[in-house]
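The values are calculated or read from the model by the stated rules, or taken from the named source; none is laboratory data. Everything numeric in this text was worked out from a predicted model, so none of it was measured. Cβ placement follows ideal geometry from the backbone for every residue including glycine, while neighbour counts extend to all protein chains displayed. When the accessible area is computed, the model is the full protein with side chains, heavy atoms only, and any ligands, DNA or RNA have been set aside. Shrake-Rupley method; radii C 1.70, N 1.55, O 1.52, S 1.80 Å.
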Amino acid sequence: MENLETIGFGGSCHWCTEAVFQSVRGVAKVEQGWIAPSGNEKFSEAVLVHFDPQTVALEVLVAVHLHSHSATSGHSMREKYRSAVYVFSQHQADKVMKAIKGLKQDFSAELVTQILGFGSFRLNSEELLDYYATDPQRPFCKTYIEPKLTMLLQRFGSGLFSPVKKK
């Protein structure tokens with residue numbers, strides 16, 4: 001795919017977030033690890049998503065993100081699981097802000113998801129990459145990832161989601 005864009009998403013376990021975005025049509029690559037926003041040294045679990053904007057709109061990716069984690073919860077693990085969209089330009093920030101405003105009615109509580117400038121990224125260790133794709137039968141995958149993928153498929157349809165390819 002040519003003309004890929006990159007955006008970062010964080011909010012829940014990076015294994016879950018990785019599997020969610022690996023299943024979205026138009027996503028070419030997902031890098032799983034930790035992101036720190038610009039001007040901040042605190043990393044939290046997140047992914048970088050490289051996508052073809054001609055195939056899947058940034059606004060759709062934002063919707064998938066908000067619906068795939070506890071985007072309204074200010075729970076005690078928010079430092080490790082910061083609910084955020086990490087943007088690489090003001091243009092992306094504007095599109096994300098507009099998308100989030102348009103999605104507020106989907107949620108019964110206030111969204112806690114932040115729009116933050118991308119600062120730096122640390123890739124996870126090799127043995128933990130492609131966590132779901134390498135062994136979807138793991139208990140963690142069956143308990144946490146599969147229900148998310150099933151819910152997203154029901155919400156957004158098979159036109160957007162395809163099964164994660166086994167590695």
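Values (1) 23.2, 77; (2) 14.7, 41; (3) 29.0, 104 are given for comparison; Rg and Dmax of the Cα atoms in Å, derived from the coordinates here, is the one labelled (2). As a test of the formula, what do you get for the chain when each DSSP H run with n ≥ 4 contributes -39,500 (n - 2.57) and the sum is divided by the residue count, at 222 nm and rounded to the nearest 500 deg cm²/dmol? Here the helix-only value at 222 nm equals -8500 deg cm²/dmol.
Over 26 Å apart at the Cα level, from the set 80/165; 42/142; 101/148; 104/148; 104/142, are 80/165; 42/142; 104/142.
Summed over the residues of segment 62-118 and divided among them, the accessible surface reaches 52 Å² per residue at a probe radius of 1.4 Å. Expressed to the nearest 5 percent, the antiparallel share of DSSP beta bridges inside the chain is 85 percent.
A Gaussian network model of the chain, with springs between Cα atoms under 10 Å, assigns the largest mean-square fluctuation among 57, 36, 46 to 57.
For the pair residue 105 and residue 54 in one chain, pulling the backbone fully straight at 0.36 nm per residue adds 15.7 nm over the alpha carbon distance.
Ranked by accessible surface with a 1.4 Å probe, highest first, in what order do 80, 42 come? Write down the numbers at each step before the final one.
Details: 80 95, 42 115 Å².
So the residues, ranked largest to smallest area, are 42, 80.
Modelled spin labels at residue 76 and residue 165, positioned 7 Å past Cα toward Cβ, are 4.2 nm from each other. Once C-alpha pairs closer than 8 Å and six or more residues apart are averaged by separation and normalised to the residue number of the chain, the relative contact order reads 31 percent.
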